[in-house]
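*Asks:* Here you go, one structure.
The values are calculated or read from the model by the stated rules, or taken from the named source; none is laboratory data. Since the structure is predicted, the reported quantities are computational estimates derived from the model, not experimental observations. Cβ coordinates were reconstructed from backbone atoms using ideal geometry, including for glycine residues, and neighbour counts include every protein chain displayed. Just the protein is used for accessible areas: all its heavy atoms, side chains included, with ligands, DNA and RNA removed. Shrake-Rupley method; radii C 1.70, N 1.55, O 1.52, S 1.80 Å.
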Amino acid sequence: MKLQKALRGYYSEQVAAVKLSGGYAQPASGGGGTGSWVFNLAFHAVLMVLIATGMIYGRYQSSLLGQRVLVITEQYNINERVTGFFDDLVREIQNNRSEEGTL
Amino acid sequence: MKKSYIVYAVLTVGLFALGVVFAKSTIMIMIDIPSLMLVLAPVILMLLSHYGPKEFVNAFRAAMEKSNSNEHELKNALVFFSTAQKLVIASTAATVFLGIIMILNSIGEGYTDSGKTVAWWMAVDVIAILYAGLLTMVITIPFKSALQKRLNDLKG
């Protein structure tokens, strides 16, 4: 009799520990599950707002490193030097080809 | 994962910050919001494609020493952090190569404001790699290791 009662208690605990969700057993509380829709909605809303704010902020406010790199590119005219380098390279290849070279 | 994780994580990041201070620079040089967005947002969005927000919280909780997570939850949390680590690497690679493409695109003749574009993307590229390194070192690797350790302890 005592064993039967103990077993009944054990099985009721086991049954109470899980709930069925879409035909699959899920823990009744804590641990698993994907959470309430309010929490999910709030999480997605906050995430979207943060991403949008971050991208808009970055579009209009350059970072400190970006500002420093801009000073370097303008000070040393890196942009035109690189463009000039490519122009020279193309010219050199064209000259080489016209002279039937290997490039 | 012990409670002292936070202390060690702060000390680790602080060590890098100290390097910046020793170089007589400013911590602000390490801050770039678009880099953070381009590295972190794709990771979170792609994880959301197969994990719910509550599962995010549960994955962090499972790694804690005093949590009562079972083997199944620990394995799921381990997969979560392994995926996050791979996604961090992938999103950083995408960001860096996008930056290189944008820089190459802007250094042609007739492109207005190319200096600004070069500077903006160069900063994004460099800081994105820094953030990826920090995220991997401070979050994904320690949590993966803690979860694996807990799984090993469960198996005895």
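*Asks:* Scanning for something surrounded by 20 or more Cβ atoms within 10 Å (Cβ to Cβ) and touching a residue at least 40 places away in the same chain (Cβ under 8 Å), does the stretch B:42-57 turn up at least one residue?
*Replies:* For the stretch B:42-57, residues surrounded by 20 or more Cβ atoms within 10 Å (Cβ to Cβ) and touching a residue at least 40 places away in the same chain (Cβ under 8 Å): present.
*Asks:* Just the residues that are exposed (fewer than 12 other Cβ atoms within 10 Å of the Cβ) and not in a loop (DSSP other than H, G, I, E, B), please, taken from the stretch A:86-103.
*Replies:* Hits for the stretch A:86-103 are A:Asp88, A:Leu89, A:Val90, A:Arg91, A:Gln94, A:Asn95, A:Arg97, A:Ser98.
*Asks:* Using beta carbons and a limit of 9 Å, which pairs, at least six apart or on different chains, have the first residue in the stretch B:23-38 and facing chain A (nearest Cβ under 7 Å) and the second one among the charged types (D, E, K, R) and in a helix (DSSP H, G or I)?
*Replies:* B:Ile29/A:Arg68; B:Pro34/A:Arg59
*Asks:* Just to verify a result, which residue in the stretch B:9-22, among those that are touching a residue at least 60 places away in the same chain (Cβ under 8 Å) and of a type outside the set (Val, Ile, Thr), is farthest from the other protein chains (Cβ to nearest Cβ)?
*Replies:* Per the stated criteria, the residue is B:Ala9.
*Asks:* Residue under question is B:Ile89, and the condition is that it be over 30 Å from B:Val20 (Cα atoms) and of a type outside the set (Gly, Ala, Ser); does it hold?
*Replies:* No, not satisfied.
*Asks:* Still on this model: Are there any pairs with C-beta distances below 7 angstrom linking a residue in the stretch B:62-73 that is at the interface with chain A (Cβ under 8 Å from one of its Cβ atoms) to a residue that is open to solvent by less than 20 Å² (accessible area, probe 1.4 Å) and at pLDDT 90 or above, with the two at least 6 apart or on different chains, and if so which?
*Replies:* B:Ser69/B:Ala62; B:Glu73/B:Ala62
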